[in-house]
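Report on one structure; see the data block that follows.
The values are calculated or read from the model by the stated rules, or taken from the named source; none is laboratory data. Since the model is a prediction, treat every value here as computed from it, not as a measurement. Note that we place each Cβ from the backbone using ideal geometry, even for glycine, and neighbour counts take in every protein chain shown. What goes into the accessible areas is simple: the full protein's heavy atoms, side chains included, and nothing from ligands, DNA or RNA. Shrake-Rupley method; radii C 1.70, N 1.55, O 1.52, S 1.80 Å.
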Amino acid sequence: MATEVKVPVLGESITEATLGEWLKQPGDPVALDEPVASLETDKVSVEVGAPAAGVMGPHVVKVGDTVEVGAMIATIEDGAAAPAPAPAKAAEPEPARSATEIAAASDAAPAALSPSVRRAVLETGVDPATVTGTGKDGRLTKDDVLAAKSAPAPSPAPSAAPMPAPATTGARREERVRMTRLRQTIARRLKEAQNTAAMLTTFNDIDMTAVIEARAKYKDLFEKKHGVRLGFMGFFAKAACLALKDIPNVNASIDGDEIVYHDYADISVAVSSPGGLVVPVVRNADQMSVAEIERTIGDFGKRAKDGTLKMEEMQGGTFTISNGGVFGSLMSTPIINPPQSAVLGLHRIEDRPVVRDGQIVIRPMMYLALSYDHRLIDGREAVTFLVALKNAIEDPTRILIDL
């Protein structure tokens, strides 16, 4: 008797998803609740667990198909787990495979590699069979492929007879990969923001000396007490909360012909995931300590990489902070995350000459960028917000005494 595998409830107002990856193939043994497929929604990836133990039956839908909540996508057949294969003999060392062979291998096993991983394999030429996966259940991620590309190549094992180098054909490849649902949603929302909001970006720079010194002095004690590293995002989130109190329009949103003001600060923090940028929300950040904010952001970052963020954790938010500096960005004009009215962009810290008390000195400086909806926020308010943020970061005592 077969048990149907159905698309689970995905969250409020979400009625469909895209089948992103099959984790079990027909004939594979399956345990109860073991993930058999991965679904991509507008915000996150969701794994579908097996409703019964048995053997994986036929797939009803293909990777890339759109499926509705409650729809059957496969079956679990009654039966015992297949016996483990006999251990294979030690393989002889083989020469490195060509990019064409690697691409053919990844094409031959589409269920084993997600589209983003397959694309990374094709772009880097890394052999996926030589890379150890760090994703859930040992699956290969895009970061694994990129890390393998940057790792030094191992010394070749000695062989009795050297193999000839593979001939280069000079062939040029192209591959069309369907955009994931997450990437489609990101593209649509960003374009909607540009089409709707009267966006403008204001810049300032900030001296990071005081925060760097405070972090260097207390980071070990901080981590020992709170179990989390002391980074810069905690300082910026708390400083932003103070500035949002002073300039409430930056924390507001437009709904039709009304302005919605919020007496709380739910800070959306942009973090990277294998499928693209996601923006989980630190709720009531204005009521949290720096340690609580750092702990929450650290948890978001880890679960974004694992693909285990929940849908409700990325809904809402009144203001966004995006840190492009971790990727080396010097300056940018971030795009608003609707229906929010502003987004703060952080950038890399670099030593630059500045004038202090009439003297040219070297200071660790960072550019700040505030993109905002000019329909709601005036230039004076944007500048005042950035100055308040700058003052709090350059004198962190202000954060402690709420100035």
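Stretched out fully, how many nm does the piece from THR132 to THR185 gain, at 0.36 nm a residue minus the Cα gap?
Numbers: separation 53, 0.36 × 53 = 19.08 nm, distance 3.06 nm.
Gain on stretching THR132 to THR185: 16.0 nm.
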| task | Would you list which lysines come within 16 Å of LYS217, measuring only between C-alpha atoms, while excluding same-chain residues fewer than 8 positions from it? | result | LYS225
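Pop the C-beta distance of PHE203 and ASP65 into the FRET formula with R0 = 35 Å and round what comes out to the nearest 0.05.
Numbers: r = 45 Å, r/R0 = 1.29.
So the FRET efficiency works out to roughly 0.20.
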| task | Between beta-carbons, use under 9 Å as the cut-off and find the net charge around VAL36, counting Lys and Arg +1, Asp and Glu -1. | result | -2
| Distance between segment 1-39 and segment 361-399 - C-alpha centres, whole angstrom | 46 Å
| field | Global geometry of segment 302-386, whether rounded, prolate or oblate, following the gyration tensor of its Cα atoms and the 1.5 cut on a/c | value | oblate
| request: Set the Förster radius R0 to 56 Å, insert the Cβ-Cβ distance between ASP357 and LYS224 as r into 1/(1 + (r/R0)^6), and round the FRET efficiency to 0.05. | output: 0.90
| query | Per the 1.4 Å probe, what fraction of the accessible area of segment 23-65, in percent, lies on carbon and sulfur atoms? | reply | 55 percent
| task | Find the accessible area per residue for segment 183-226; the probe is 1.4 Å, ligands and nucleic acids are left out, and the unit is Å². | result | 67 Å²
| Packing-based order for 342-348, 61-67, 261-267, using average beta carbon neighbours within 10 Å, highest first | 342-348, 261-267, 61-67
| task | Quickly rank 249-255, 123-129, 214-220 as a protection proxy: mean count of other C-beta atoms within 10 Å, highest first. | result | 249-255, 123-129, 214-220
| Rough spin-label spacing in nm, given labels placed 7 Å along Cα→Cβ, for ALA171 and ARG348 | 3.8 nm
| What percentage of the solvent-accessible surface of segment 227-322, computed with a 1.4 Å probe over protein heavy atoms, is contributed by carbon and sulfur atoms? | 51 percent
| said: Just to confirm a number: summing +1 for Lys and Arg and -1 for Asp and Glu over residues other than VAL282 whose beta-carbon lies under 12 angstrom from that of VAL282, what do you get? | reply: -3
| request: For segment 1-41, build the charge dipole from Cβ charges (+1 Lys, Arg; -1 Asp, Glu) around the Cα centre, then report which of VAL7, PRO35, GLN25 sits farthest towards its positive end. | output: GLN25
| Sorted by mean Cβ packing within 10 Å, highest first, what order do the peptides 378-391, 192-205 take? | 378-391, 192-205
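Over 27 Å between Cα atoms, which of LYS149/LYS310; LYS142/LYS238; LYS238/LYS302; LYS24/LYS191; LYS219/LYS302; LYS238/LYS305 qualify? Show your work: numbers first, answer last.
Details: LYS149/LYS310 31 Å; LYS142/LYS238 33 Å; LYS238/LYS302 22 Å; LYS24/LYS191 36 Å; LYS219/LYS302 20 Å; LYS238/LYS305 25 Å.
Check vs 27 Å cut-off fails for LYS149/LYS310; LYS142/LYS238; LYS24/LYS191.
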| field | Under 16 Å from the Cα of LYS6 - aspartates and glutamates, other chains or at least 8 residues apart | value | GLU16, GLU21, ASP33, GLU34, GLU40, GLU47, ASP65, GLU68, GLU77
| request: Sketch the reach of a paramagnetic label on SER289 as a point 7 Å from Cα along Cα-to-Cβ, and name the residues of segment 206-241 whose backbone nitrogen lies under 16 Å away. | output: 218-231, 234-235, 238
